[in-house]
Ligand SMILES: CC(C)(COP(=O)(O)OP(=O)(O)OC[C@H]1O[C@@H](n2cnc3c(N)ncnc32)[C@H](O)[C@@H]1OP(=O)(O)O)[C@@H](O)C(=O)NCCC(=O)NCCS
């Protein structure tokens, strides 16, 4: 029997995260996401996913220092970011740059320590790749790497060339925490399938970025902002949603393959969105979002997912719309790399079957001029 889209299929076991769709619960290595959110930093979550336990202070300091030391990009990758088309999709640029990083990785060996070193280096660099491309495409200078800022604050510093406010850094840090891992989602599955051939870590993460880019996966958050702008006003929401549904179009940021109730990440992002839009004096974005969510619940029984409110949070932080999915990629690199290490620790090639629905066998080959 075929399960289209592998719905309901258990493809592997993992100790890293669990998505309980009927309860609306997300667990990272034994911790409910609601327990982690607001209590731990993104760096602590990286440690948790890589080691299956939260770090002590000394272990966190060590990880933080290691990540900061590995931020500097190879000169050739910096040149690529400066020379690549300025109107490129940033996800394409990041995907290419991550692939390039593999060329300049001098780590030898394929043991866990070597692969861990590659995962650490990639996790440290992906935010820098994104920040530098954003600066370069505007013709701006590339700010020197700093080692006194955490992952979220450093990314915001690279975008603006100046240190962010504590509130902005904390907001992005929490968004990173919420997006770090999510069971056997499409891009994580991609990373695991690719690395299970015993290819390299860079190939696996490059493929995962390609999967995340799609609008049915990480690309949905950009779609949410385009949708809010297209609707324009709260009183136009119902008619707009009804029209989209009549045309059998998807509403971005709504629905989920696994969650049959509320995505537990959504309320955290909603709270952040409410706070930020209030401060900006633009509460209409959240009000419109609430109206869309209510209408979709009424009409289709579907709930908002992680991308629905993260879009408004990033928009309120002044982040460009086409960096929303790259930001997702930066935080999900923690999960991808953890899954890559886990896959390699007990590897077996993924090789499912397919049902053949083509022409029954028996055709004979006619000479080419007679076909
Ligand atoms: C996430 C998603 C891909 C899951 O898809 P899925 O499990 O394959 O579910 P399907 O696409 O088969 O949808 C099942 C039904 O719900 C409807 N549906 C699901 N999400 C919908 C949405 N966002 N807008 C409108 N209808 C939706 C489908 O049209 C279908 O309805 P039907 O049975 O009347 O034809 C899907 O909900 C979606 O496309 N959402 C929008 C993109 C998004 O926000 N992605 C980020 C996910 S975190």
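Just for the chain, what percent of DSSP beta bridges are antiparallel, to the closest 5? Walk me through the numbers before you get to the answer.
Values: 7 of 8 bridges.
Beta bridges within the chain, antiparallel portion: roughly 90 percent.
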Give the separation of the Cα centroids, the range 6-70 to the range 104-140, in Å. 20 Å
So how far apart, in nm, are the two label points at residue 353 and residue 368 if each is 7 Å from Cα heading toward Cβ? 3.7 nm
Highest-first arrangement of 35-43, 55-63, where packing means the average Cβ count within 10 Å: 35-43, 55-63
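For the chain, what does the helix formula give at 222 nm: sum of -39500 (n - 2.57) over DSSP H segments with n ≥ 4, over the residue count, nearest 500 deg cm²/dmol? Before the final figure, lay out each step's value.
Details: 16 runs with 210 residues, N = 371.
Here the helix-only value at 222 nm equals -18000 deg cm²/dmol.
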Post the alpha-carbon centroid distance, the range 258-293 to the range 151-193, in whole angstrom. 18 Å
List the relative contact order of the range 87-219 as a percent without decimals, with contacts defined as Cα pairs under 8 Å and 6+ residues apart. 27 percent
Roughly what percent of Cα-Cα pairs across the chain reach past 26 Å? 53 percent
So how much slack lies between residue 66 and residue 89, counting 0.36 nm per residue of separation and subtracting their Cα-Cα distance, in nm? 5.3 nm
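A short reminder: the numbers here are calculations on the coordinates, not readings from a lab. Just so it is clear, the model here is predicted, and its values are computed rather than measured. As a convention, Cβ positions derive from the backbone with ideal geometry for all residues, glycine included, and neighbour counts pool all protein chains shown.
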